[in-house]
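Trainee: Dropping a structure here in structure tokens format, bear with me for questions.
The values are calculated or read from the model by the stated rules, or taken from the named source; none is laboratory data. Just so you know, these numbers come straight off a predicted model, no measurement behind them. Please note: Cβ atoms are built from the backbone with ideal geometry, for glycine as well, and neighbour counts cover all protein chains shown. Note: areas computed on protein heavy atoms with side chains; ligands, DNA, RNA excluded. Shrake-Rupley method; radii C 1.70, N 1.55, O 1.52, S 1.80 Å.
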Amino acid sequence: MSLLTPVMAEAYINLVILILCKPEAHTNTRQFEAFIRSHIDTKLFDLSYKCQGFARPIDQNSQEFKNFKRVMDKRNDAIHGNCDPEREKIESVYFEGKRPLFQESGDHIGKFFEALERQYEPRAVIKDYEDTHMFLSGILACLEPGLEKQVRRIMEDPYPGYDIDRKVTGCL
């Protein structure tokens with residue numbers, strides 16, 4: 001769930017872009033692809049410029065954005081293998097030639113799994129999910145009055161439609 005939450009969040013943001021992207025940004029294939037593939041923070045700040053219907057931009061100073069950014073940064077660290085041995089340490093091990101000398105005796109494999117459980121504590125994973133949900137709800141709150149309901153209707157439709165000729169997303 002710790003890796004899936006950010007993936008679903010990015011899919012949500014991409015759906016907002018598909019629904020609200022301004023025609024001039026959507027018809028330029030190169031520009032649209034660059035927008036979709038941009039870093040998440042860049043994409044979020046460009047929403048109000050490249051998408052129609054935003055009454056105000058995303059507030060990068062809000063606590064909701066900071067919490068969301070923390071969740072996304074944790075995901076990026078996990079995917080790209082950015083590890084912090086001091087923060088994620090399991091135990092101190094010393095070497096005498098080629099033989100490891102553990103500071104504490106016991107089940108070292110069990111200690112490894114305990115460290116993994118500390119890293120992915122269920123309460124923290126649920127908090128990350130809730131923080132992400134709050135931020136994503138806040139994106140729709142930035143829309144002009146009345147538009148939020150239309151976007152939600154498309155998102156909740158199990159079979160949304162897309163008119164290729166007009167490049168418009170909607171409900172059938």
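Trainee: Which residues, counting only those in region 162-172, are under 13 Å from residue 16 (Cα atoms) and without any contact (Cβ under 8 Å) to a residue 40 or more places away in the chain? If you could, list the steps in order and put the result at the bottom.
Mentor: Residues of region 162-172 that are under 13 Å from residue 16 (Cα atoms), as a first pass: 168-170.
Within region 162-172, 168, 170 meet the criteria.
Trainee: Moving on. Name the single residue that is least open to solvent (accessible area, probe 1.4 Å) among those in region 44-58 being within 22 Å of residue 131 (Cα to Cα), in contact with a Phe, Trp or Tyr (Cβ under 7 Å, 6 or more places away or on another chain) and in contact (Cβ under 8 Å) with a residue 24 or more places away in the chain.
Mentor: 47
Trainee: May I pose another question? I'd like to verify a number: residues in region 14-30 that are in contact (Cβ under 8 Å) with a residue 24 or more places away in the chain and surrounded by fewer than 17 Cβ atoms within 10 Å (Cβ to Cβ), how many? I'd like the intermediate steps shown before the answer.
Mentor: First pass over region 14-30, keeping only residues in contact (Cβ under 8 Å) with a residue 24 or more places away in the chain: 15-23, 25-27.
Narrowing further to those that are surrounded by fewer than 17 Cβ atoms within 10 Å (Cβ to Cβ): 15, 22-23, 27.
So the answer is 4.
Trainee: Okay, moving on. Among the numbered conditions (1) closer than 19 Å to residue 147 by Cβ; (2) open to solvent by 50 Å² or more (accessible area, probe 1.4 Å); (3) of a type outside the set (S, T, N, Q), tell me where residue 37 comes up short.
Mentor: Only one criterion in (1) closer than 19 Å to residue 147 by Cβ; (2) open to solvent by 50 Å² or more (accessible area, probe 1.4 Å); (3) of a type outside the set (S, T, N, Q) is unmet by residue 37, namely (1).
Trainee: For the structure I just gave you, tell me whether residue 95 is open to solvent by less than 90 Å² (accessible area, probe 1.4 Å), at pLDDT below 75 and farther than 21 Å from residue 6 by Cα. Lay out the reasoning, then the answer.
Mentor: Working: open to solvent by less than 90 Å² (accessible area, probe 1.4 Å): no; at pLDDT below 75: yes; farther than 21 Å from residue 6 by Cα: yes.
No; evaluated as a whole, the condition is false for this residue.
Trainee: Within region 113-156, count every residue that is open to solvent by less than 40 Å² (accessible area, probe 1.4 Å) and assigned to a loop (DSSP other than H, G, I, E, B).
Mentor: 1
Trainee: For region 115-161, give me each residue that is touching a residue at least 12 places away in the same chain (Cβ under 8 Å) and over 28 Å from residue 69 (Cβ atoms).
Mentor: 153, 157, 159, 160
Trainee: Now for a different question. Is there a residue being surrounded by 14 or more Cβ atoms within 10 Å (Cβ to Cβ) and not in a helix (DSSP H, G or I) anywhere in region 62-72?
Mentor: So far as region 62-72 goes, no, none of its residues is surrounded by 14 or more Cβ atoms within 10 Å (Cβ to Cβ) and not in a helix (DSSP H, G or I).
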